[in-house]
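The values are calculated or read from the model by the stated rules, or taken from the named source; none is laboratory data. Predicted, not measured: the structure shown is a model, and the values here were computed from it. Backbone-built Cβ (ideal geometry, glycine too); neighbour counts: all protein chains shown. We work out accessible area using only protein heavy atoms, side chains counted, and drop any ligands, DNA or RNA first. Shrake-Rupley method; radii C 1.70, N 1.55, O 1.52, S 1.80 Å.
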Amino acid sequence: MENFVFLEITRWIVHLLILACILIAILRFRTLQFEQKIVFYLLIITLPVELVSVWLWKIHINNNFIFHFYTVAEFLLLATIYRKHINTLIKSVYVLAVMIAFVLFAVINTVFFQSLKQFNSHTIFVECILLIVLAIIYFYKELRDLENRHLERVPMFWINASVITYFSGSLVLFYVANDLISESMKTKGVIWGTHALFNIVHYVLYAIALLIRNQEKTSALKS
């Protein structure tokens, strides 16, 4: 019982953080950079997905089908950000090819391996791997080019930190998610409560990214 109280509390914190991020983005929309706007669009999709999935779970209706679609949307939006920011290392056409291949993999997984009634752990596992790789490439690019001496003032730095923290922490959890269905309610409460903690860090970092002003435009105005 205590584990599920913890899960409920962390889940509500996550929902409030997503809402806070959306409000920040709306208030600052005119000054948002490309990557900040993409995060905003992702959050607009995420909030109803989170709320509907919880509602379906509470009324004992299978909500796994939602994540088959959400996973694809999430990856395509985040990959679009990386496609722009790592194009000096990897041609954008290659990232586009990965995006298309991922969509095909997701469709094949749903049709032949994990139906809409099952949690799409295979697809999410591949998503985690690909996004972690893209995040590492971005960090390498920044260290190599040294274009930004104050990375903490760059929105993309915080977006990348959010991606690599959340998807690294959730990697194993998502992969074994289907095997955990048969575990006790207590065990599942602990596991998904832990996932909610990863989510809290995820959206706190997104909030920081959305609050940061465009450093390049500011520098241009001063000059």
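Do you know which of the residues in the stretch 146-179 that are at pLDDT below 70 and closer than 20 Å to I129 by Cβ is surrounded by the fewest Cβ atoms within 10 Å (Cβ to Cβ)? Talk me through it step by step, then tell me what you get.
Our first condition is that a residue be at pLDDT below 70; within the stretch 146-179, this holds for 147-149, 175-179.
Now drop any that are not closer than 20 Å to I129 by Cβ, which leaves 175-179.
On the way: Y175: 16, V176: 12, A177: 22, N178: 15, D179: 9.
Per the criteria, the residue is D179.
Candidates V39, V54: the one that is at pLDDT below 95 and hydrophobic (A, V, I, L, M, F, W, C) is V54.
Count, please, the residues in the stretch 1-57 that happen to be part of a helix (DSSP H, G or I), basic (K, R) and more than 16 Å from the chain's Cα centre (by Cα).
Filtering the stretch 1-57 down to residues part of a helix (DSSP H, G or I) leaves 2-27, 29-31, 34-57.
With the extra rule that they be basic (K, R), the set shrinks to 11, 30, 37.
Among the residues that remain, those that are also more than 16 Å from the chain's Cα centre (by Cα) are: 30.
Qualifying residue count for the region: 1.
Scanning the stretch 12-32 for residues that are surrounded by 19 or more Cβ atoms within 10 Å (Cβ to Cβ) and at pLDDT below 95 turns up just one, V14.
Among the residues of the stretch 130-161, just one is within 18 Å of M99 (Cβ to Cβ) and small (G, A, S), namely A135.
Restricting F65, F69, F75 to those that are touching an Asp or Glu at 6+ places or on another chain (Cβ under 9 Å) and modelled with pLDDT of 95 or more reduces the list to F75.
Against the definition (open to solvent by less than 50 Å² (accessible area, probe 1.4 Å), at pLDDT 95 or above and among the small types (G, A, S)), how does A106 come out, yes or no? Lay out the reasoning, then the answer.
Working: open to solvent by less than 50 Å² (accessible area, probe 1.4 Å): yes; at pLDDT 95 or above: yes; among the small types (G, A, S): yes.
When the stated conditions are applied, A106 passes them.
Only a single criterion out of (1) within 22 Å of S170 (Cβ to Cβ); (2) modelled with pLDDT of 90 or more is not satisfied by K91, namely (1).
Restricting the stretch 60-98 to residues that are among the hydroxyl-bearing types (S, T, Y) and surrounded by 16 or more Cβ atoms within 10 Å (Cβ to Cβ) leaves a set whose member that is farthest from A135 (Cα to Cα) is Y70.
For A196, indicate whether it is under 23 Å from I45 (Cα atoms), surrounded by 16 or more Cβ atoms within 10 Å (Cβ to Cβ) and at pLDDT below 65. No.
Criterion first (open to solvent by less than 20 Å² (accessible area, probe 1.4 Å) and without any contact (Cβ under 8 Å) to a residue 12 or more places away in the chain) does L56 satisfy it? It would help to see each step written out before you state the result.
On the way: open to solvent by less than 20 Å² (accessible area, probe 1.4 Å): yes; without any contact (Cβ under 8 Å) to a residue 12 or more places away in the chain: yes.
Against the criterion (open to solvent by less than 20 Å² (accessible area, probe 1.4 Å) and without any contact (Cβ under 8 Å) to a residue 12 or more places away in the chain), L56 qualifies.
Checking each residue in the stretch 94-114 for being in contact with a helix residue (DSSP H, G or I) (Cβ under 9 Å, 6 or more places away or on another chain) and hydrophobic (A, V, I, L, M, F, W, C) picks out V95, L96, V98, M99, F102, V103, F105, A106, V107, F113.
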